[in-house]
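The next block holds one structure in the form of structure tokens; read it before the comments.
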Amino acid sequence: MAFIININGTTRAADVDGDTPLLWVLRDVLGMTGTKFGCGMALCGACTVHVDGTATRSCITAIDSLGDAKVTTIEAIGATPAGEKIQRAWLDHEVVQCGYCQSGQVMSASALLASNPNPTDVDIDDAMSGNICRCGTYVRIREAIKLAAQSNGKAG
């Protein structure tokens with residue numbers, strides 16, 4: 001069945017079964033490999049994308065559940081105000097180590113900053129708790145989110 005989906009501001013078609021996870025549509029059908037496969041059970045956060053601005057695990061999101069929703073992936077998050085600030089802060093704090101989880105981390109952090117421009121440590125921990133980093137860059141992640149929030153003119 002053909003599904004029309006809005007990804008990063010562009011309408012794309014995917015001829016897949018309705019229960020196909022968005023992750024596999026992105027990676028295997030559309031060739032957008034920035035979103036990563038981690039656990040396949042929405043526990044690690046590597047597959048995080050935004051669906052209508054909300055951080056969503058694409059590995060368990062069936063393509064037929066999207067309807068007219070707008071999907072944003074790591075490939076386009078830098079074009080959003082929050083995503084641009086998060087990506088700049090990630091570089092400033094040298095967050096990335098191996099990098100595998102980082103697209104999901106950036107997507108979760110961007111969703112947090114877009115909805116809460118002045119997050120507390122508790123807000124950051126809550127928003128990022130579903131994202132696992134095997135390299136343990138959690139301290140740098142928190143500091144980068146705080147830096148991005150400060151670039152909003154507010155201390156975090």
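None of the figures in this text is laboratory data; all of them are computed from the coordinates on show. Please read these numbers as outputs of a predicted model, since none were measured by experiment. Here the Cβ is made from the backbone with ideal geometry for all residues, glycine too, and neighbour counts use every protein chain on show.
Here are a few things to note about the model shown:
- Crossing angle, helix 138-150 versus the chain [Cα axis fit, 0-90 degrees, rounded to tens]: 80 degrees
- Taken one residue at a time, the phi angles of the stretch 77-89 give Karplus couplings (6.51, -1.76, 1.60, θ = phi - 60°) of 5, x, 7, 9, x, 5, x, 4, 5, 5, 4, 5, 5 Hz. Gly and Pro are set to x.
- Residue range of the chain that is longest and free of trypsin sites (Lys or Arg not before Pro) which are both DSSP loop and sparsely packed (at most 15 other C-beta within 10 Å): 1-133
- Degrees between helix 102-115 axis and first principal axis of the chain (Cα, 0 to 90, nearest 10): 70 degrees
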